Amino acid sequence: GRAQVDVVEPGALAVFEEAWAAFQAGHRRRPAGDLIVDEVRINNTGPLSDEIVKTFVDVPLHEPLDEANLSRQLSRLYGSDVFGVIHHDFVRRDGLGVLTIDTPAKPYGRSSLQFGFQLTTDFAGTSGFNLTLSHLMNPVNRKGGEWRNIVQLGNNGLYATEFYQPFDAAMKWFVNPALAFRREQVRVYDADGHALAEFRGATNEALVDVGRVFGNWGQLTVGAFR
(Lines give C-alpha, C1' and ligand atoms only; values in the text may rest on other atoms or scores of the structure.)
Protein backbone atom coordinates (compact mmCIF):
# COMPACT_ATOMS: atom_id res chain seq x y z
CA GLY A 1 0.00 0.00 0.00
CA ARG A 2 1.01 3.63 -0.24
CA ALA A 3 0.23 6.38 2.23
CA GLN A 4 -0.53 9.88 1.04
CA VAL A 5 -0.30 13.05 3.12
CA ASP A 6 -2.01 16.23 1.91
CA VAL A 7 -0.52 19.47 3.04
CA VAL A 8 -2.93 22.38 3.51
CA GLU A 9 -1.57 25.88 3.27
CA PRO A 10 -2.22 28.02 6.40
CA GLY A 11 -4.06 30.63 4.36
CA ALA A 12 -6.42 28.06 2.84
CA LEU A 13 -7.17 26.62 6.29
CA ALA A 14 -8.05 30.09 7.58
CA VAL A 15 -10.44 30.63 4.68
CA PHE A 16 -12.07 27.24 5.33
CA GLU A 17 -12.57 28.02 9.04
CA GLU A 18 -14.07 31.39 8.21
CA ALA A 19 -16.49 29.83 5.69
CA TRP A 20 -17.49 27.13 8.19
CA ALA A 21 -18.16 29.75 10.87
CA ALA A 22 -20.35 31.69 8.43
CA PHE A 23 -22.25 28.49 7.52
CA GLN A 24 -22.94 27.73 11.18
CA ALA A 25 -24.07 31.30 11.84
CA GLY A 26 -26.48 31.15 8.93
CA HIS A 27 -28.07 27.90 10.20
CA ARG A 28 -28.06 28.67 13.90
CA ARG A 29 -31.52 28.64 15.44
CA ARG A 30 -32.91 32.09 15.93
CA PRO A 31 -33.63 33.26 19.49
CA ALA A 32 -37.18 32.57 20.68
CA GLY A 33 -37.82 36.32 20.87
CA ASP A 34 -37.36 36.57 17.10
CA LEU A 35 -40.15 34.01 16.54
CA ILE A 36 -42.99 35.80 18.35
CA VAL A 37 -46.09 35.69 16.13
CA ASP A 38 -47.90 39.02 16.05
CA GLU A 39 -49.95 38.47 12.89
CA VAL A 40 -51.11 35.51 10.79
CA ARG A 41 -51.91 36.07 7.13
CA ILE A 42 -53.61 33.28 5.16
CA ASN A 43 -53.60 33.49 1.37
CA ASN A 44 -56.28 30.92 0.54
CA THR A 45 -56.79 30.26 -3.16
CA GLY A 46 -57.87 26.65 -2.60
CA PRO A 47 -61.39 25.24 -2.94
CA LEU A 48 -62.31 25.22 0.77
CA SER A 49 -63.68 28.28 2.56
CA ASP A 50 -61.45 30.66 4.55
CA GLU A 51 -63.43 29.70 7.65
CA ILE A 52 -62.42 26.03 7.33
CA VAL A 53 -58.76 26.87 6.70
CA LYS A 54 -58.64 29.17 9.73
CA THR A 55 -60.21 26.46 11.88
CA PHE A 56 -57.50 23.97 10.92
CA VAL A 57 -54.69 26.51 11.40
CA ASP A 58 -54.80 27.80 14.98
CA VAL A 59 -51.64 29.79 15.79
CA PRO A 60 -51.64 31.73 19.11
CA LEU A 61 -50.67 35.38 18.78
CA HIS A 62 -47.97 37.14 20.81
CA GLU A 63 -46.36 33.79 21.63
CA PRO A 64 -43.31 31.96 20.19
CA LEU A 65 -44.05 30.03 17.00
CA ASP A 66 -44.50 26.30 17.68
CA GLU A 67 -43.22 24.99 14.36
CA ALA A 68 -43.88 21.32 15.20
CA ASN A 69 -47.53 22.02 16.01
CA LEU A 70 -47.90 24.18 12.90
CA SER A 71 -46.52 21.34 10.75
CA ARG A 72 -49.10 18.94 12.23
CA GLN A 73 -51.92 21.38 11.52
CA LEU A 74 -50.81 21.94 7.92
CA SER A 75 -50.43 18.18 7.41
CA ARG A 76 -54.04 17.64 8.53
CA LEU A 77 -55.19 20.37 6.14
CA TYR A 78 -53.14 18.89 3.27
CA GLY A 79 -54.60 15.46 4.09
CA SER A 80 -58.01 16.64 2.89
CA ASP A 81 -56.57 16.08 -0.62
CA VAL A 82 -57.95 19.31 -2.05
CA PHE A 83 -54.89 21.59 -1.81
CA GLY A 84 -51.61 21.83 -3.63
CA VAL A 85 -48.33 22.19 -1.76
CA ILE A 86 -48.96 24.36 1.32
CA HIS A 87 -46.22 26.91 2.10
CA HIS A 88 -45.59 29.00 5.20
CA ASP A 89 -43.10 31.77 5.85
CA PHE A 90 -42.17 33.80 8.94
CA VAL A 91 -40.61 37.26 8.69
CA ARG A 92 -40.23 40.33 10.86
CA ARG A 93 -41.66 43.52 9.41
CA ASP A 94 -41.51 46.83 11.24
CA GLY A 95 -40.74 45.01 14.47
CA LEU A 96 -43.68 42.60 14.13
CA GLY A 97 -43.52 38.85 13.52
CA VAL A 98 -45.70 37.97 10.51
CA LEU A 99 -46.55 34.35 9.66
CA THR A 100 -47.83 33.92 6.09
CA ILE A 101 -49.53 30.69 5.00
CA ASP A 102 -50.35 29.93 1.36
CA THR A 103 -53.04 27.30 0.66
CA PRO A 104 -53.28 26.93 -3.14
CA ALA A 105 -55.58 24.68 -5.12
CA LYS A 106 -54.14 21.37 -6.28
CA PRO A 107 -52.73 21.53 -9.81
CA TYR A 108 -55.15 18.94 -11.21
CA GLY A 109 -58.95 18.78 -11.37
CA ARG A 110 -61.43 18.00 -8.63
CA SER A 111 -62.77 14.88 -10.36
CA SER A 112 -61.03 11.50 -10.64
CA LEU A 113 -61.99 8.31 -12.48
CA GLN A 114 -61.13 4.67 -11.84
CA PHE A 115 -61.86 1.72 -14.13
CA GLY A 116 -62.36 -1.97 -13.32
CA PHE A 117 -62.74 -5.05 -15.51
CA GLN A 118 -63.88 -8.54 -14.55
CA LEU A 119 -64.10 -11.68 -16.69
CA THR A 120 -65.12 -15.05 -15.19
CA THR A 121 -65.53 -18.53 -16.63
CA ASP A 122 -66.05 -22.07 -15.37
CA PHE A 123 -64.39 -23.53 -18.52
CA ALA A 124 -67.65 -25.35 -19.27
CA GLY A 125 -69.36 -22.82 -21.48
CA THR A 126 -70.48 -20.40 -18.75
CA SER A 127 -68.79 -17.02 -18.49
CA GLY A 128 -69.45 -13.60 -17.03
CA PHE A 129 -68.33 -10.06 -17.78
CA ASN A 130 -68.45 -6.80 -15.79
CA LEU A 131 -67.07 -3.36 -16.55
CA THR A 132 -66.92 -0.84 -13.68
CA LEU A 133 -66.43 2.93 -13.63
CA SER A 134 -65.95 4.89 -10.39
CA HIS A 135 -66.12 8.69 -10.24
CA LEU A 136 -65.18 10.94 -7.32
CA MET A 137 -65.56 14.72 -7.14
CA ASN A 138 -63.72 16.26 -4.18
CA PRO A 139 -64.60 18.86 -3.14
CA VAL A 140 -67.98 19.67 -4.60
CA ASN A 141 -68.34 22.92 -2.67
CA ARG A 142 -66.50 25.28 -0.32
CA LYS A 143 -67.63 23.26 2.72
CA GLY A 144 -65.78 20.13 1.63
CA GLY A 145 -68.57 18.00 0.16
CA GLU A 146 -67.64 14.81 -1.74
CA TRP A 147 -69.71 13.11 -4.45
CA ARG A 148 -68.99 9.50 -5.45
CA ASN A 149 -70.62 7.47 -8.25
CA ILE A 150 -70.14 3.85 -9.31
CA VAL A 151 -71.53 2.38 -12.54
CA GLN A 152 -71.11 -1.30 -13.43
CA LEU A 153 -72.27 -2.88 -16.70
CA GLY A 154 -72.41 -6.58 -17.44
CA ASN A 155 -73.85 -9.66 -15.78
CA ASN A 156 -74.15 -7.82 -12.49
CA GLY A 157 -75.34 -4.28 -13.04
CA LEU A 158 -74.90 -1.55 -10.45
CA TYR A 159 -75.47 2.15 -10.10
CA ALA A 160 -74.60 3.71 -6.75
CA THR A 161 -74.25 7.32 -5.72
CA GLU A 162 -73.47 8.94 -2.36
CA PHE A 163 -72.88 12.48 -1.16
CA TYR A 164 -70.73 13.19 1.89
CA GLN A 165 -71.26 16.69 3.26
CA PRO A 166 -69.58 18.18 6.36
CA PHE A 167 -71.59 21.06 7.79
CA ASP A 168 -69.26 22.69 10.34
CA ALA A 169 -65.98 24.59 9.94
CA ALA A 170 -64.00 21.83 11.71
CA MET A 171 -65.48 19.25 9.27
CA LYS A 172 -66.36 16.95 12.18
CA TRP A 173 -70.14 16.70 11.71
CA PHE A 174 -71.49 15.36 8.43
CA VAL A 175 -74.53 14.01 6.60
CA ASN A 176 -74.19 11.16 4.08
CA PRO A 177 -77.18 10.20 1.86
CA ALA A 178 -76.77 7.35 -0.66
CA LEU A 179 -78.70 5.39 -3.30
CA ALA A 180 -77.90 2.03 -4.90
CA PHE A 181 -79.60 -0.01 -7.65
CA ARG A 182 -78.33 -3.56 -8.23
CA ARG A 183 -79.17 -6.21 -10.83
CA GLU A 184 -77.50 -9.51 -10.02
CA GLN A 185 -77.28 -12.90 -11.72
CA VAL A 186 -77.12 -15.98 -9.48
CA ARG A 187 -76.65 -19.59 -10.59
CA VAL A 188 -77.55 -22.66 -8.54
CA TYR A 189 -75.40 -25.79 -8.93
CA ASP A 190 -75.83 -29.40 -7.87
CA ALA A 191 -73.30 -31.42 -5.87
CA ASP A 192 -71.40 -32.33 -9.07
CA GLY A 193 -71.06 -28.72 -10.14
CA HIS A 194 -73.71 -28.78 -12.87
CA ALA A 195 -75.86 -25.66 -13.22
CA LEU A 196 -79.48 -26.34 -12.28
CA ALA A 197 -81.02 -22.87 -12.56
CA GLU A 198 -80.24 -19.22 -13.07
CA PHE A 199 -81.97 -16.33 -11.33
CA ARG A 200 -81.84 -12.60 -11.81
CA GLY A 201 -82.59 -10.42 -8.82
CA ALA A 202 -82.99 -6.68 -8.25
CA THR A 203 -82.13 -4.76 -5.09
CA ASN A 204 -82.79 -1.06 -4.54
CA GLU A 205 -81.48 0.70 -1.46
CA ALA A 206 -81.70 4.21 -0.01
CA LEU A 207 -80.06 5.44 3.18
CA VAL A 208 -79.07 8.59 5.00
CA ASP A 209 -76.52 8.80 7.83
CA VAL A 210 -75.62 11.61 10.19
CA GLY A 211 -72.37 11.33 12.08
CA ARG A 212 -69.29 12.78 13.72
CA VAL A 213 -65.61 12.19 13.02
CA PHE A 214 -63.33 11.59 16.02
CA GLY A 215 -59.77 12.54 15.09
CA ASN A 216 -57.90 9.93 13.07
CA TRP A 217 -59.31 6.83 14.72
CA GLY A 218 -62.96 6.60 13.69
CA GLN A 219 -66.43 8.00 13.35
CA LEU A 220 -69.87 7.45 14.86
CA THR A 221 -72.94 7.44 12.62
CA VAL A 222 -76.67 6.99 13.04
CA GLY A 223 -79.13 6.75 10.19
CA ALA A 224 -82.03 5.10 8.44
CA PHE A 225 -82.22 2.91 5.36
CA ARG A 226 -84.83 1.19 3.22
Relative contact order (percent) for the range 143-198, with alpha-carbon contacts under 8 angstrom and 6 or more residues of separation? 28
Under 5 Å, built H, 5+ apart or other chain: amide partners of residue 97: 38, 39
Once the piece of chain linking residue 115 and residue 204 is laid out straight, how much longer is it, given 0.36 nm per residue of separation minus the C-alpha distance between them? 29.7 nm
Taking the Cα centre of the range 71-226 as origin, work out the dipole magnitude from +1 charges on Lys and Arg Cβ and -1 charges on Asp and Glu Cβ, in debye rounded to 20. 680
Note down the relative contact order for the range 75-211 as a percent, whole number, built from C-alpha pairs under 8 angstrom at least six residues apart. 13
How much accessible area per residue does the range 105-203 have, counting only protein heavy atoms and a probe of 1.4 Å, in square angstrom? 66
Got a sec to turn the phi values of the range 168-177 into Karplus ³J(HN,Hα) couplings, 6.51 cos²θ - 1.76 cosθ + 1.60 with θ = phi - 60°, whole Hz, x for Gly and Pro? 9, 5, 7, 6, 9, 9, 8, 10, 9, x
Would you kindly give the portion of the calculated P(r) for the range 155-226 that falls above 17 Å, as a percent of all Cα pairs? 61
Could you tell me which GluC sites (Glu not before Pro) in the range 146-194 are loop residues by DSSP with no more than 10 other beta carbons within 10 angstrom of their beta carbon? none
How much length is gained if the chain between residue 91 and residue 131 is pulled fully straight, taking 0.36 nm per residue apart and subtracting their Cα-Cα distance, in nm to one decimal? 8.9 nm
³J(HN,Hα) computed for each position of the range 93-103 - Karplus, 6.51 cos²θ - 1.76 cosθ + 1.60, integer Hz, glycine/proline x: 10, 6, x, 10, x, 10, 9, 10, 10, 10, 10
Projected label distance in nm at residue 180 and residue 41, using a 7 Å step from Cα toward the beta-carbon: 5.0
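The values are calculated or read from the model by the stated rules, or taken from the named source; none is laboratory data. Everything numeric in this text was worked out from a predicted model, so none of it was measured. Here Cβ is always computed from backbone atoms with ideal geometry, including for glycine, and neighbour counts include all displayed protein chains. Areas reflect the complete protein model, heavy atoms only, side chains present, ligands, DNA and RNA absent. Shrake-Rupley method; radii C 1.70, N 1.55, O 1.52, S 1.80 Å.
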